[in-house]
Amino acid sequence: MNQFRVCLMICAIGGASLCSGQMAPPQLFSGMEGYTFLPDGTAIPIWGYGWVADGYITLPGPLLEYTQDEFVQLNFTNPSPESHTIHLHGLDVDQANDGVPATSFFVVTGQEATYEFTADYPGTFLYHCHVTTTLHLTMGMYGMILVNRPDMTLFEGGPSYAKNAPILFSDLAIETNVDAVQSFPFHDIRPDVFMVNGVSGNQLEQPDHIIDFEPGEPIALRLGSMAYSLMRLDFPSELNATCYMSDGRPLPEPFDVEEMDIFPGERFTVMIEPVEGWDGYIGCEFWNIPDQELDGEQSIHVRDKSLSVGEWSELIAPLGYPNPTRSSISWNGPASVSVFDVSGVLVFQGPLDQGQLHVNGWSTGMYTAIFPDGNRSRFSVIH
Ligand SMILES: [Cu+2]
């Protein structure tokens, strides 16, 4: 989708010649001035990755999807004040491209780099920054990578699936994110926010976080953990869950799964084919590893698609008006907003003035508004 957007922009600017099937590769950037929102609306500072074309970072970073045997050129730029890298966790890349700074390279402030590799093996992988790793991880610098096969089988000779459901577990310690001054030994980190795809609690009931299934169409759950916690998952028997892959390789024998442990950095591919009409949850427990204590729980909603009709209309991000604007822009509904410019820098955060955001004196350009419910809306300021 992002590739498509980049192509559209090039079409608009440069005419038809660049768009004859060849799309400009999208570029990731790293930022250190982002926010994620807790279910109660509290904004927590994050560092992370985002698409340059979007102009903001996300938690987790963008899902990177490739096709088996594709030669990947992952373009990366770092406008942020510190060095970062992209470590391609579990992918069989050469040492120069694996993002461990001591053995490959740092991407320092203002620098661009391209990581190159061939996506030899289909499966579920992760990426994260490898600079002062525990701190940069805790701050949010991670994402998931999928290597798919064009025939929608998990691996050669493996089972077919109808769609992927990427599920990335992570956690963070609010104290660290609010005051990101030091790195901790791995075992000293006591997270207090426990997340599935960057959200928690009732945020997981937003339609884009619910896994809707069509009866008879298997879904490939792409499970990966960037959490400090040990994940313990509970799959109700109605899901008919079978584990086929571990750490980006097929298992010698698939096995039916009702309970599964996932340690930090591990990945599993589990196929589900839920019974018709089912509506329930995959339970996710976050266990502190040194103390062996249950620190948090989340629930992933899985539901027969026929039960979800009509919900999507509520999800559409609010459109601001007028857009473009010279002096102010209004939204119906939200009480507060965070606004980022095209380089991902936070330019405003706070309550709206009777639904209005005043932009007198702002630079001409494109901005992204992020609301407490996570919805995003773009607008332009002109003078
Ligand atoms: Cu970093």
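Checked against the criterion of being crowded, with 17+ Cβ neighbours inside 10 Å, hydrophobic (A, V, I, L, M, F, W, C) and farther than 17 Å from PHE37 by Cα, the candidates PHE379, PHE340 yield just one match: PHE379.
If you go through segment 151-159 one residue at a time, do you hit one that is assigned to a loop (DSSP other than H, G, I, E, B), more than 30 Å from ASP69 (Cβ to Cβ) and either touching a residue at least 40 places away in the same chain (Cβ under 8 Å) or within 16 Å of the ligand (Cβ to nearest atom) (or both)?
We begin by selecting, within segment 151-159, every residue assigned to a loop (DSSP other than H, G, I, E, B); these are 151-152, 154-159.
Restricting the remaining residues to those that are more than 30 Å from ASP69 (Cβ to Cβ) gives none.
No, every residue in segment 151-159 fails to be assigned to a loop (DSSP other than H, G, I, E, B), more than 30 Å from ASP69 (Cβ to Cβ) and either touching a residue at least 40 places away in the same chain (Cβ under 8 Å) or within 16 Å of the ligand (Cβ to nearest atom) (or both).
From the list VAL342, VAL347, pick out the single residue that is among the aliphatic types (A, V, I, L, M) and part of a loop (DSSP other than H, G, I, E, B). Break it down into steps so the answer makes sense when it comes.
Working: VAL347 fails: part of a loop (DSSP other than H, G, I, E, B).
Result of the check over VAL342, VAL347: VAL342.
Pairs linking a residue in segment 72-87 that is of a type in the set (Phe, Trp, Tyr) to a residue that is more than 11 Å from the ligand (Cβ to nearest atom), with Cβ atoms under 6 Å and 6 or more positions apart or on different chains, are PHE76/LEU28; PHE76/ALA113.
Taking the condition more than 23 Å from LEU74 (Cα to Cα) and more than 16 Å from the ligand (Cβ to nearest atom), does PHE213 pass? Give the steps one after another, and end with the answer.
On the way: more than 23 Å from LEU74 (Cα to Cα): yes; more than 16 Å from the ligand (Cβ to nearest atom): yes.
Judged against the criteria, PHE213 is a match.
Given the condition at pLDDT 75 or above, farther than 23 Å from ILE44 by Cα and not assigned by TED's automatic domain parsing to the domain that holds GLY48, answer yes or no: does some residue in segment 333-351 qualify? Looking through segment 333-351, none of the residues is at pLDDT 75 or above, farther than 23 Å from ILE44 by Cα and not assigned by TED's automatic domain parsing to the domain that holds GLY48.
Assigned to a strand (DSSP E or B), more than 14 Å from the ligand (Cβ to nearest atom), buried (at least 20 other Cβ atoms within 10 Å of the Cβ) and outside the structural domain of VAL181 (by TED's automatic domain parsing): is that true of LEU28 in this structure?
On the way: assigned to a strand (DSSP E or B): yes; more than 14 Å from the ligand (Cβ to nearest atom): no; buried (at least 20 other Cβ atoms within 10 Å of the Cβ): yes; outside the structural domain of VAL181 (by TED's automatic domain parsing): yes.
When the stated conditions are applied, LEU28 does not pass them.
For segment 239-267, filtered to residues that are closer than 14 Å to ILE300 by Cβ and in contact (Cβ under 8 Å) with a residue 40 or more places away in the chain, the residue that is farthest from the chain's Cα centre (by Cα) is LEU239. The number of residues in segment 90-146 being part of a loop (DSSP other than H, G, I, E, B), within 16 Å of the ligand (Cβ to nearest atom) and of a type in the set (A, V, I, L, M) comes to 5. Of the strands (runs of 3 or more DSSP E) entirely within segment 204-307, those holding at least 3 residues that are crowded, with 17+ Cβ neighbours inside 10 Å occupy 211-213, 219-225, 230-234, 242-246, 267-272, 279-288, 293-304.
If the condition is being away from the ligand (no atom under 14 Å from the Cβ), part of a loop (DSSP other than H, G, I, E, B) and of a type in the set (D, E, K, R), then segment 31-82 contributes ASP40, ASP54, ASP69, GLU70.
The values are calculated or read from the model by the stated rules, or taken from the named source; none is laboratory data. Note that the structure is predicted; figures quoted are calculated from it, not measured. With ideal geometry, Cβ positions are generated from the backbone for all residues, glycine too; neighbour counts draw on all protein chains shown.
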